[in-house]
1. Is there a residue being part of a loop (DSSP other than H, G, I, E, B), out of contact with any helix residue (DSSP H, G or I) (no Cβ under 8 Å at 6 or more places or on another chain) and open to solvent by less than 100 Å² (accessible area, probe 1.4 Å) anywhere in region 101-108?
2. Among the listed residues Pro33, Pro46, identify the single one that is in a loop (DSSP other than H, G, I, E, B) and either under 14 Å from the mean Cα position of the chain (by Cα) or not hydrophobic (A, V, I, L, M, F, W, C) (or both).
3. Would you be able to say whether some residue in region 81-90 is part of a loop (DSSP other than H, G, I, E, B) and touching a helix residue (DSSP H, G or I) at 6+ places or on another chain (Cβ under 6 Å)?
4. Take region 11-51 and flag every residue that is open to solvent by less than 80 Å² (accessible area, probe 1.4 Å), at positive phi and modelled with pLDDT of 95 or more.
5. Residue by residue through region 4-28, note down the ones that are over 16 Å from Lys43 (Cβ atoms), without any contact (Cβ under 8 Å) to a residue 24 or more places away in the chain, in a helix (DSSP H, G or I) and hydrophobic (A, V, I, L, M, F, W, C).
6. For region 62-79, which residues satisfy the criterion of being open to solvent by less than 50 Å² (accessible area, probe 1.4 Å) and either of a type in the set (D, E, K, R) or closer than 16 Å to Gly22 by Cα (or both)?
7. Do we find that Glu105 is of a type in the set (D, E, K, R) and within 19 Å of Ser4 (Cβ to Cβ) in this structure?
8. Is there a residue in region 58-67 that is touching a residue at least 60 places away in the same chain (Cβ under 8 Å), within 19 Å of the chain's Cα centre (by Cα) and part of a loop (DSSP other than H, G, I, E, B)?
Amino acid sequence: MSYSAFGEFMRIQRIRHHEVMGDVAKLLGVSTPFLSAVETGKKNVPSEWVTVITEHYALTDEEQAELKKAIENSKTQVKLNLSGSSAYQREAALQFARSFDNIDEDTAKKIMALLKRSGDN
């Protein structure tokens, strides 16, 4: 079974605390299949889980940062708020979304480099 970064993080926590997936599902108020879908990356991690997981496992600041990074790296969908965007920014976002499935690794790296450069300004 392939786990997302969040799934790997949670698997480590469960092992450390001698828990099974069913225990964590009950803690989070979801079914075991739903938790499994989140851990394998088929569904996004609900935002309210961060607090519950942090408190339950008494995560350190470093572990909380690791959890948040794992959640970010496990996202299967993202939403953009375009309400304050210019018409050109909207068009760029929509064109990117339409083209996303056809972007190869080399193109993705070039886009990342461009975005990093523009973020430095």
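The values are calculated or read from the model by the stated rules, or taken from the named source; none is laboratory data. Only a predicted model underlies this, so the values are computations on that prediction, with no experimental measurement involved. Quick reminder, even Gly has a Cβ in these numbers, built from the backbone with ideal geometry, and neighbours come from all protein chains shown. These area figures cover heavy atoms from the full protein model, side chains too; ligands, DNA and RNA do not enter into them. Shrake-Rupley method; radii C 1.70, N 1.55, O 1.52, S 1.80 Å.
1. Within region 101-108, the first condition is being part of a loop (DSSP other than H, G, I, E, B), and the residues that meet it are 103-104.
Still in the list and also out of contact with any helix residue (DSSP H, G or I) (no Cβ under 8 Å at 6 or more places or on another chain): 104.
Okay, now just the ones that are also open to solvent by less than 100 Å² (accessible area, probe 1.4 Å), so 104.
Yes, region 101-108 has at least one match.
2. Pro46 is the lone residue from the list that is in a loop (DSSP other than H, G, I, E, B) and either under 14 Å from the mean Cα position of the chain (by Cα) or not hydrophobic (A, V, I, L, M, F, W, C) (or both).
3. yes
4. Gly29
5. Ile12, Ile15
6. Glu63
7. Against the criterion (of a type in the set (D, E, K, R) and within 19 Å of Ser4 (Cβ to Cβ)), Glu105 does not qualify.
8. Taking every residue of region 58-67 in turn, none turns out to be touching a residue at least 60 places away in the same chain (Cβ under 8 Å), within 19 Å of the chain's Cα centre (by Cα) and part of a loop (DSSP other than H, G, I, E, B).
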